[in-house]
1. What do you reckon, is residue 50 touching a residue at least 12 places away in the same chain (Cβ under 8 Å), within 20 Å of residue 130 (Cβ to Cβ) and surrounded by 23 or more Cβ atoms within 10 Å (Cβ to Cβ)?
2. Within segment 41-58, how many residues turn out to be more than 15 Å from residue 21 (Cβ to Cβ), in contact with a helix residue (DSSP H, G or I) (Cβ under 6 Å, 6 or more places away or on another chain) and either modelled with pLDDT under 95 or part of a strand (DSSP E or B) (or both)?
3. Look at segment 94-133 and say how many of its residues are part of a loop (DSSP other than H, G, I, E, B), farther than 23 Å from residue 19 by Cα and in contact (Cβ under 8 Å) with a residue 60 or more places away in the chain.
4. In segment 3-39, what residues are part of a loop (DSSP other than H, G, I, E, B) and either more than 21 Å from residue 51 (Cβ to Cβ) or in contact with a strand residue (DSSP E or B) (Cβ under 7 Å, 6 or more places away or on another chain) (or both)?
5. So, of the residues in segment 20-34 that are out of contact with any helix residue (DSSP H, G or I) (no Cβ under 7 Å at 6 or more places or on another chain) and under 24 Å from residue 45 (Cα atoms), which turns out to be surrounded by the most Cβ atoms within 10 Å (Cβ to Cβ)?
6. Can you give me the number of residues within segment 76-93 that are outside any helix (DSSP H, G or I) and closer than 15 Å to residue 40 by Cα?
């Protein structure tokens, strides 16, 4: 399996690893069965993601996609963060092997799960804004 230099870099030197104490939103996706679990932490001030951290238990591609996802949304508005797609994560990493594309889907969903949590904590129903977080079908291969 061939990984791009960017994937290798984000796996070897992941950005924004860790937890945010008193985070404004926390989202966890994945499951132990498929082996990839991602937890995303958001600090949001005036509608801007001022800090983003993640903890991922999984393969190299899962770590790399989490790392890249945090880089793509850090400093952005909530609206921009909601537009993050797994395709954007894959493109930013210069591609992923087909069997690892589901990792990018998890990264997108982890961001959206954290944003859902942010809205829920504020008493706002997140579903119309964030949409449903689907279970990752790719994990059940």
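1. No; evaluated as a whole, the condition is false for this residue.
2. 2
3. Count: 4.
4. Hits for segment 3-39 are 3, 4, 16, 18, 19, 20, 23, 24, 32, 33, 34, 35.
5. Among those residues, the one meeting the criterion is 23.
6. Of the residues in that region, 1 qualify.
The values are calculated or read from the model by the stated rules, or taken from the named source; none is laboratory data. Note that this is a predicted model, so its numbers are computed, not measured. Cβ coordinates were reconstructed from backbone atoms using ideal geometry, including for glycine residues, and neighbour counts include every protein chain displayed.
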